[in-house]
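What follows is calculated from the coordinates using simple rules that are stated; it is not laboratory data. Please read all numbers here as calculations on a predicted model, not as lab measurements. Cβ coordinates were reconstructed from backbone atoms using ideal geometry, including for glycine residues, and neighbour counts include every protein chain displayed.
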Amino acid sequence: NAGVTQTPKFRILKIGQSMTLQCTQDMNHNYMYWYRQDPGMGLKLIYYSVGAGITDKGEVPNGYNVSRSTTEDFPLRLELAAPSQTSVYFCASSPPTGRNEPQHFGDGTRLSIL
Amino acid sequence: KQEVTQIPAALSVPEGENLVLNCSFTDSAIYNLQWFRQDPGKGLTSLLLIQSSQREQTSGRLNASLDKSSGRSTLYIAASQPGDSATYLCAVRPNRSNDYKLSFGAGTTVTVRA
């Protein structure tokens, strides 16, 4: 059971470039999340989804877009990369069976914008 | 807005000593509190989840307590080992229906010296 898989693991972008961070889970979880983690800071929620076709903004959504066409996949898109988006990005998922289920995390994508 | 604070930011102890990690939160209307472990370059792994109605939760050498009214949780790790070296994060889920978003602390980085 792979759990939550994120690709790529590392990426360097130039200012103004675009890219998509991929996230897929094989646990049939309805709920999926994207977080960013900056040095010395806690994780901040970017976007989340409660099921295929449904997405909503989190705490820091500006500069990002998401889509959820299937239960398994929840890609995060950066349209015009900016240095402020240099961070470590984590995808997570959780089942809908109850709010006392912990979230399961991927290993992260380390993104640098130069 | 929920604010989660973890003090100290870093901790270094000799092997065998007990670890005490603190987490405080400003809004006591929580549904649950979770403790996560993060190893360098990795994602988060859930260690313990305490429901708002519980006072503590135990798993092996780990014990987490919750005092919701005072907005505090403590993670105890007994007889620390070098393998316990990691960053420990706490996160709270709000007590609102259909709200699965977590608010994270910045973490405490623990080093256990052999």
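Starting from 0.36 nm per residue, how many nanometres of slack lie between B:Tyr76 and B:Ser53 once their C-alpha separation is accounted for?
Between B:Tyr76 and B:Ser53, full extension yields 6.3 nm more.
According to the Kirkwood expression over distinct Cα-Cα pairs, how big is the hydrodynamic radius of segment A:1-55, in Å?
Averaging 1/r across every pair of different Cα atoms and inverting gives 13.3 Å.
Tell me which GluC sites (Glu not before Pro) from segment A:36-113 have a DSSP coil assignment and no more than 13 other beta carbons within 10 Å of their own.
A:Glu79
Taking every residue in B:39-51, how many Cβ atoms of other protein chains lie within 10 Å of its Cβ, on average?
Per residue, the average neighbour count from other chains is 4.
Need one number: nm distance between label points at A:Gln22 and A:Asp38, each 7 Å from Cα along Cα→Cβ, rounded to one decimal.
Computed distance between label sites A:Gln22 and A:Asp38 equals 2.9 nm.
Would you tally the net charge around A:Lys9, using a Cβ to Cβ cut-off of less than 14 Å, leaving A:Lys9 out, and scoring K and R as +1, D and E as -1?
Counting the neighbours of A:Lys9, the net charge comes to +2.
Farthest toward the dipole's positive end in chain B, which of B:Ile30, B:Ser12, B:Leu48, given Cβ charges of +1 (Lys, Arg) and -1 (Asp, Glu) about the Cα centre?
Among B:Ile30, B:Ser12, B:Leu48, the one farthest towards the positive end of the dipole of chain B is B:Ile30.
What is the Rg over Rh value, at two decimals, for chain A, using alpha-carbon atoms and the Kirkwood definition of Rh?
Computed over Cα atoms, the ratio is 0.95.
Only counting other Cβ atoms within 10 Å, I'd like A:Ile15, B:Ile50 sorted with the fewest neighbours first.
A:Ile15, B:Ile50
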